[in-house]
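A short write-up of the structure that comes next.
Values in this text are rule-based calculations from the coordinates and carry no lab data. Given the structure is predicted, the values throughout are model-derived calculations rather than measurements. Virtual Cβ from ideal backbone geometry, glycine too; neighbours counted across all protein chains shown.
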Amino acid sequence: MRFFAHTEDDVRAMLDTIGARSLEELIEHVPAAMRRSAAINLASGMSEAEVAATLGALAARNPGAEGFASFLGFGMYRHYVPAAVRAITARAEFATSYTPYQPEASQGTLAAIFEFQTLITQLTGLEVANASMYDGAEAAAEAVLMAHRTAPKRTRVAMSRALWPDYRATIRTYLSAFEDIEIVELPFDANSGVTDAAALQHAADARLLCAVIGYPNAFGVVEPLGRLAAVAHDADALAISVTAEPLALGLLKSPGQLGADIAVGEGQSFGIAPQFGGPGVGFMAARAAHMRQMPGRLVGETRDRLGQRAWCLTLATREQHIRRERATSNICTNHSLCALAATVYLAIMGRRGLRELAARNVELAHRALAALAKVGIRARFSAPFFNEFVAAVDDSSAALARAERAGILAGVALDGYWPELRTPDGAGALLVSVTEMNHDDEFGRLAAALLGGR
Amino acid sequence: MAGAEKIRARAVGSQPQAAAKAQPAEPLPGVPLIFEESAAGRGGADFPPRAAGQPHGAEILGAELCRDDIAGFPELSEPQVMRHFLRLSQLNFGQALHFYPLGSCTMKYNPVLNDEAAALAGFAALHPTTPAHLAQGALELMARLEAALAEITGMDAVSLHPAAGAQGELTGLLIARAWHRKRAAPRRKVIIPDTAHGTNPASCTLAGFEVVVARSNKRGFLEAAEIRRLLSDDVAALMVTNPNTLGIFEPEIAEIADALHERGALLYLDGANMNALMGVAKPGAMGADIVQLNLHKTFSTPHGGGGPGAGPVGVKRHLEPFLPIPRVRRESGGWRFDYERPDSIGRLRAFHGNFGMLVRAYAYILALGGDGLAEASRLAILASNYLRTRLEPRYPSATAEPTMHECVHTHDLEKRSGVSTLDIAKRLLDFGIHPPTIYFPLVVHGAMMVEPTETEPRSALDAFAAAMEKIYNEALSEPEMLHTAPHKLALSRVDEAHAARHPVLRWQPKRG
């Protein structure tokens, strides 16, 4: 086997050193019944060429990955990945190291994560950020748990229904063992698509722990985060913003500026391919006062024995390997290499580039909507949107099928996720996501395909 | 770049005596950060010309919604970005470049083909909301991987949903919780041995369980009598790692499983140490009801400086209805995701798993095949026993029991010359070797947990043994040199206590 270095002589010499006659002798203490049933009934190993061919054949059976004009978004986005990102993340020094427990041998990873933490604080307008979470949904759930640690007596979580269904489901799972916590789903306004502030107001009493608001929300709508955060703050509750399209933070006011106490989200847009749903990278930022309640790894600046600046993992007394059942979370492995990808991506894009790219996403999405409007397909919601919008269509599954035949993945049908999006006449709702990977000439084709059934 | 060059040269070549006097408030800058290399007006990305006569995105959204700037954000050219991160990479140890016997982490070789396979456009560019009929290859890969992992572990069904081992633990524990509730007999406690990884008790708390600690015996393993003593009708499960963190195969595991099942409790087997078990003993045959795997350990997906990994969960048939959604299903029309699972614990993340890591793990399993996986575990056990034999004269094993894929060693240097396990670990870096896991498990004083894996040549094992021998002698002859190690790296010993006392968690521009 090509990954094993031991020759027969090596094995014999090593066994001799140990004082054993055979490899089987080394496992003789394992109960015989277990050993007898341990054979693995899988095909024999393959040469590298055979593995490559097998994987290539499976990859080729995913025609949806390429060749369509795609408007798929809804929590994962199609963005160009600069070659520098792949070149850096492919470096074995980064890819084949592990959690930087030994800072002297891990300054590369540590410095990059320190930069990631800094970039996330700059984007979110908050003061501390951690070294990464698994994804946006888990980060949202951990944010609620963190809020609970800061105010254990408060038991009501107000969660916008305009959050992604996966995110709401994840929050529910993570809270399922906290039986005293009550989750209130805040409806969204049927015309504007923004979370109903009056419903939040109604939930905002001394029991309110936090309000969880998408920014932008699952409809691409830019929520009035400042107004909603103020309602939460009036009840001394925390405002948590959740962002699945972090490119928006390159142009929109930061969650921190608008009053969010915790800002979480998904960083996949920053240099990470969609990969059928993962791995991406979750991020979390908070106010300095909450630093010791953060889950996961934190990298801090320090110095070495000679006074040189250095970085290391820090505030580990929050963590599972020290605090065990009293830890702030159970996170051990996080999504470090994806955080590195995001760091390289943001360094490449930079101060002006990220804003420019965000602006272009806005422009393209609005031109796409204009093309649909020309044939009479309207946006379902009136509130401002970033790079995706909900189009009102007669029958979303029929529209998607027509578009597919025209070589277009037109978006995600939302009426299955939100029954309230179905109008009395049965019309459907389609989330159309537009990035810099789309071109103006696709918008007319999209309009024609969606219109086709009328 | 000239300024940055100078700063780095000074840091690397600095004189110990002079630098030691540097004021703590103003440490020498070692490596410049991207923020410190920025200059206004630079950028690493160009854009195609704007369409004429179209409003700018900021105008479309309006000043009310938009920020003016991202204060402090970096401004670098592409070559600057490349140089910065390539230089950072040179400050890292990695398995591909160094022997990295970090116990419990299974730092084995990560086949480079697997990264290439995951990067194929048919996988990498595949959007998670793609209609199932346009993603049959990806769904089939998931189904095949589920089946392979079920076969390797002897479990009936596998979910690839969890993002990491710890999330797999939470998943497994929530399944146990849901199962007891479904039987209208909720239970509040989970037994965990004192040798367990810290993630186990932390996961229990998240899943709403109270932790009951089981003591391992003097020989380092768990006795069925101890479990029977702790069992009650309020115990939902035992969560145990096998082989345990001392590298011992739990000899009474079958009897323990029987004791649990008799009292209506479940056996949760933490598969963190699965690299010892392939073709040796299946968790299913041990009586496990739930097992979680760490694909970045046993199945060789890269550790990435701390992830991403993946933490699939396998269960026996009675627990299958509780697995997270969605499940991969085959129907006449092909593969699809099934969300209609009323007893499911729900989901713990968006979409359907860390698919990019699943591709790599599947490629690994294909490359080795059933026999190759069994050989991998045997060679991992061989390497561990070999190192144990080589190290024992100076660094006694923490147990007299047979060793599986890793072994915990200790030493008498603290008493003899004041040299700590940390000093030994730091000195190993000077030999170009990443240290073992240290001070774990907690039950062994000054522990060094050595896991060599099957992919290291004998020469690497010998070099490690020789370095450890040399360090032992150094500890007796020049202990001071060990207290200040490492000496041959860009940085000397890092002051971790200082970082915790004065937390600085982000870069900020210097004031004034």
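Compute the relative contact order of the stretch B:308-414 as a whole-number percentage, counting only Cα pairs closer than 8 Å that sit 6 or more residues apart in sequence.
Here the relative contact order equals 18 percent.
What dipole magnitude, in Debye to the nearest 20, does the protein assembly as shown give about its Cα centre under +1 on Lys/Arg Cβ and -1 on Asp/Glu Cβ?
Dipole about the Cα centre, nearest 20: 1120 debye.
Evaluate peptide B:378-388: per residue, the Cβ atoms of other protein chains within 10 Å of its Cβ; return the mean as an integer.
5
Ignore the peptide's own chain and count Cβ atoms of other chains within 10 Å of each Cβ in B:293-304; give me the average, rounded.
So the per-residue partner count for this stretch is 4.
Pull out a ≥ b ≥ c, the square roots of the eigenvalues of the alpha-carbon gyration tensor of chain B, then state rounded if a/c is under 1.5, prolate if not and a/b is larger than b/c, and oblate in the remaining case.
In terms of gyration-tensor shape, oblate.
Using only Cα atoms, locate the centre of the stretch A:132-194 and the centre of the stretch A:216-250, then give the distance between them in Å, rounded to an integer.
So the separation of the two Cα centres works out to 13 Å.
Cross-link candidates for B:Lys189: which aspartates and glutamates have Cα within less than 13 Å, leaving aside residues fewer than 8 places away along the same chain?
A:Glu325, B:Glu210, B:Asp233, B:Asp234
Using the count of nearby Cβ atoms within 10 Å as a rough guide to exposure, how do B:Met278, B:Met481 rank from fewest to most?
B:Met481, B:Met278
In the stretch A:220-334, if the dipole is taken from +1 on Lys/Arg beta carbons and -1 on Asp/Glu beta carbons about the Cα centre, which of A:Val221, A:Trp311, A:Val242 is farthest to the positive end?
With unit charges placed on the Cβ atoms, the residue in question is A:Trp311.
Expressed in nm to one decimal, what extension gain is obtained for the pair A:Ile181 and A:His439 from 0.36 nm per residue of sequence separation less their Cα-Cα distance?
Full extension from A:Ile181 to A:His439 adds 88.2 nm.
What ³J(HN,Hα) values, in whole Hz, does the Karplus curve 6.51 cos²θ - 1.76 cosθ + 1.60 give for the stretch A:355-368 when θ = phi - 60°, with x put for Gly and Pro?
Running phi through 6.51 cos²θ - 1.76 cosθ + 1.60 with θ = phi - 60° gives 5, 5, 5, 4, 4, 5, 4, 4, 4, 4, 5, 6, 5, 4 Hz.
Could you put A:Met291, A:Met159, A:Met34 in order, starting from the residue whose Cβ has the fewest other Cβ atoms within 10 Å?
Listing A:Met291, A:Met159, A:Met34 from fewest to most nearby Cβ atoms yields A:Met291, A:Met34, A:Met159.
Quick check for me: using +1 on Lys/Arg Cβ and -1 on Asp/Glu Cβ, what's the dipole size of chain A about its Cα centre, in debye to the nearest 20?
680
Fewest Cβ neighbours within 10 Å first, please rank A:Trp311, B:Trp507, A:Trp164, A:Trp418 accordingly.
Arranged by neighbour count, lowest to highest, A:Trp311, B:Trp507, A:Trp164, A:Trp418 become A:Trp418, B:Trp507, A:Trp164, A:Trp311.
Would the stretch A:1-106 count as rounded, prolate or oblate if I go by the C-alpha gyration tensor, calling it rounded below 1.5 in a/c and otherwise prolate when a/b exceeds b/c, oblate otherwise?
prolate
Residue farthest toward the positive end of the dipole of the stretch A:349-454, with Cβ of Lys/Arg at +1 and Asp/Glu at -1: which of A:Leu446, A:Pro419, A:Leu369?
A:Leu369
By a straight-distance test (C-alpha under 20 Å), which aspartates and glutamates pair with A:Lys374 as possible cross-link partners, with residues fewer than eight away in the same chain excluded?
A:Glu363, A:Glu388, A:Asp394, A:Asp395, A:Asp440, A:Asp441, A:Glu442
Taking only C-alpha pairs under 8 Å that are 6+ residues apart, what is the relative contact order of the stretch A:259-334 in percent?
Result for the stretch A:259-334 is 23 percent.
From the cross-link list B:Lys282/B:Lys316; B:Lys426/B:Lys470; B:Lys108/B:Lys297; B:Lys426/B:Lys488; B:Lys415/B:Lys488, which pairs have alpha carbons spaced over 18 Å apart?
Cα-Cα > 18 Å for B:Lys415/B:Lys488; rest within.
Any idea how far apart B:Lys415 and A:Arg207 come out in nm if each label point goes 7 Å out from Cα toward Cβ?
6.1
Where does the protein assembly as shown land at 222 nm, in deg cm²/dmol rounded to the nearest 500, when only DSSP H runs of n ≥ 4 count, each adding -39500 (n - 2.57), divided by all residues?
Helices in the protein assembly as shown give a 222 nm mean residue ellipticity of -11500 deg cm²/dmol.
What's the average, rounded to a whole number, of partner chain beta-carbon atoms within 10 Å of each residue's beta-carbon in B:277-285?
5
Which shape class, rounded, prolate or oblate, goes with the stretch B:155-212 when its Cα gyration tensor gives a ≥ b ≥ c as root eigenvalues, a/c under 1.5 marks rounded, and past that a/b bigger than b/c marks prolate?
Oblate is the answer for the stretch B:155-212, as a/c is 1.5 or above yet b/c matches or exceeds a/b.
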